[in-house]
Amino acid sequence: MPAHDEAEAVAVLLPAPEAARAAMALWEAGDAVVPLDPAAPGPDVRRSLAALRPTALLDADGRRPLPNGVPVTAGVAAVVGTSGTTGERKGVELTFAGLAASGAGVAAALGAGSDGGWLCCLPLHLVAGLAVVGRAWTTGAPVAVQAGFDPAAVADAARRGAAFVSLVPTMLRRLLDAAPAGAAGFHHILLGGGSIDPALLIRARGAGETVSTTYGMTETWGGIVHDGHPLPGVELRLDGPGVDGVGEILVRAPMLMRGYRLWPGGTAAAVDADGWYRTGDLGRFDGGSKRLRVVDRLGDLVNSGGVKVSPTEVERVLAAHPAVADVCVAGRPDPEWGQRVVAFIVAAPALDPPDLAGLRAFAREQLAPAKLPREVVVVPAIPRTSGGKPLRRLLPGPS
């Protein structure tokens, strides 16, 4: 049994609606939930259990203790596994205090009272889904949890009175395709999980949606910046901004993680003595409004002939090509330039994929020459996380 200053860390391996009920019951008891992907194969679940070391497992067969489990410090509400886009599996310990700050901050930003219900259609094993349930629980707001994303079911939830929902861009696009009128019943849509095409925002708002873009990560209980502005209590600064004003985004906030699970060295490397967390993301502040604009992941920049190229910037331009259904940009070694910009393209149905010359001609009016792709690779699909972020490390290498 955990000591007085410790609590259970219970792994939950259940479908989303049942997992949400289990999480809230654990929180009521002061214990931590360790949400696992119910669709993951057995070996993957075992790797998660080995990395996160929960004290018990709750699945369809009930709750049972696990050998070699390690309790959490009292006050930890969740241990969320994350591998991000790097493939390195680690656990993030998030606190009840951080959850309360997140719930209050989001409610203030949206003008949401306890009578404004939430819909959760994001996976519960990711912070984006768990945070929706957690914010509702901590503020006393009702929440409906769906087992997965179905555009018709989401639109129906809006018609039935769900006021707020969090989506990733692919979900919003599918929702607009399937039910453009039904989606407008939401009071507010929070949109996050990666790069957001401005054309998608224009389309959604033109359909009557109120949409706010969000920025955050597992380590901050999800979104802590709405439309470029930090939530109450959130501090932002840039480390080493260059002449273009771009630097690494640093965050200090009550929502910030307690630390990485059983990895004090990783925690110390990520959070300095003054509580500033290094996000690994690049951003800049607009001069007048001080609005944060996220540029890219620090490790994703392509250094081509000394020019630092943002893959996200290039992707946004190429995605507008009529023959491009999906795109991901990455760097490949180049003997002359160090790296070259490569566009991985999924062709639109019934259209031939664009060739390199055509794609460069299309993008030339919006991108500097160094940012234009020097190679095009046609792929059947772009590998992405379940939250929609591209997995550049899984893109095919040179043939």
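Using θ = phi - 60° in the Karplus curve 6.51 cos²θ - 1.76 cosθ + 1.60, the 3J(HN,Hα) couplings for region 232-239 round to x, x, 8, 10, 10, 8, 10, 9 Hz; x is entered for Gly and Pro. Inter-part distance, region 286-324 to region 177-236, computed on C-alpha centroids, equals 19 Å.
The orientation-averaged shadow of the Cα convex hull for region 218-334, equal to a quarter of the hull surface, comes to 10.1 nm².
PRO123 sits among other residues whose Cβ lies under 15 Å from its own Cβ, and their net charge, with Lys and Arg +1 and Asp and Glu -1, is -2.
Close lysine pairs were tallied over the chain: pairs 8 or more places apart or on different chains with Cα atoms under 22 Å apart number 4. Sorted on the mean count of surrounding Cβ atoms within 10 Å across their residues, most packed first, peptides 97-105, 144-152 read 97-105, 144-152.
When DSSP beta bridges are restricted to pairs lying wholly in the chain, around 65% turn out antiparallel. The modelled label-to-label distance for the pair ALA147/ASP334, using points 7 Å beyond Cα in the direction of Cβ, is 4.9 nm.
When the alpha-carbon atoms of region 122-201 are used, the pair Rg, Dmax equals 12.2, 35 angstrom.
Electrostatic bookkeeping for LEU175 treats Lys and Arg as +1 and Asp and Glu as -1; over the other residues with beta carbon under 12 Å from its beta carbon, the sum is -1. Counting Cα-Cα pairs of region 301-394 in 5 Å increments starting at 0 gives whole-percent bin shares of 3, 15, 26, 26, 19, 9, 2, 0.
Packing here is the average count of other Cβ atoms within 10 Å per residue, and on that basis the peptides 187-200, 263-276, highest first, run 187-200, 263-276.
Between ALA319, ALA100, ILE196, whose Cα lies farthest towards the positive end of the dipole of the chain when Lys and Arg beta carbons carry +1 and Asp and Glu beta carbons carry -1, centred on the Cα centre? Of the options given, the answer is ALA319.
Counting only helical runs of four or more DSSP H residues, what would the 222 nm mean residue ellipticity of the chain come to if each run contributes -39,500 (n - 2.57) and the total is spread over all its residues? Can you show the working numbers first?
On the way: 10 runs with 103 residues, N = 399.
My calculation for the chain gives -7500 deg cm²/dmol from helical runs alone.
With 10 Å bins beginning at zero, the pair-distance distribution over Cα atoms of the chain amounts to 5, 22, 31, 27, 13, 3, 0 %. The order of the peptides 61-71, 278-288 by mean Cβ neighbours within 10 Å, most packed first, is 278-288, 61-71.
The ellipsoid that matches the Cα gyration tensor of region 6-215 has semi-axes, each √(5λ) in whole angstrom, of 31, 18, 15, with the longest given first. Decide, for region 9-72, between rounded, prolate and oblate: order the square roots of the alpha carbon gyration tensor eigenvalues as a ≥ b ≥ c, take rounded if a/c falls under 1.5, and otherwise choose prolate if a/b is larger than b/c, else oblate. Judged from the Cα gyration tensor, region 9-72 comes out oblate (a/c at least 1.5, b/c at or above a/b). Near the amide H of ARG291, within less than 5 Å, lie the amide hydrogens of ASP286, all on another chain or at least 5 residues away, with H placed in the peptide plane. Net charge near ASP244: determine it from the other residues with C-beta under 10 Å of the C-beta of ASP244, scoring Lys and Arg +1 and Asp and Glu -1. Its environment carries a net charge of +2. The charge dipole of the chain, taken about the Cα centre with unit charges on the Cβ atoms of Lys, Arg (+1) and Asp, Glu (-1), comes to about 340 debye, rounded to the nearest 20.
Counting GluC sites (Glu not before Pro) as exposed when in a DSSP loop with at most 10 other beta carbons within 10 Å, what is the longest stretch of the chain free of them? Spell out each step's value before the answer.
Details: sites that count: GLU88, GLU336, GLU365.
Longest stretch, sites excluded: 89-335.
Rule-based calculations on the coordinates, nothing more; no lab input. All of these numbers come straight from a predicted model, not from anything done at the bench. In this analysis, Cβ positions are derived from the backbone assuming ideal geometry, glycine residues included, and neighbour counts consider all displayed protein chains.
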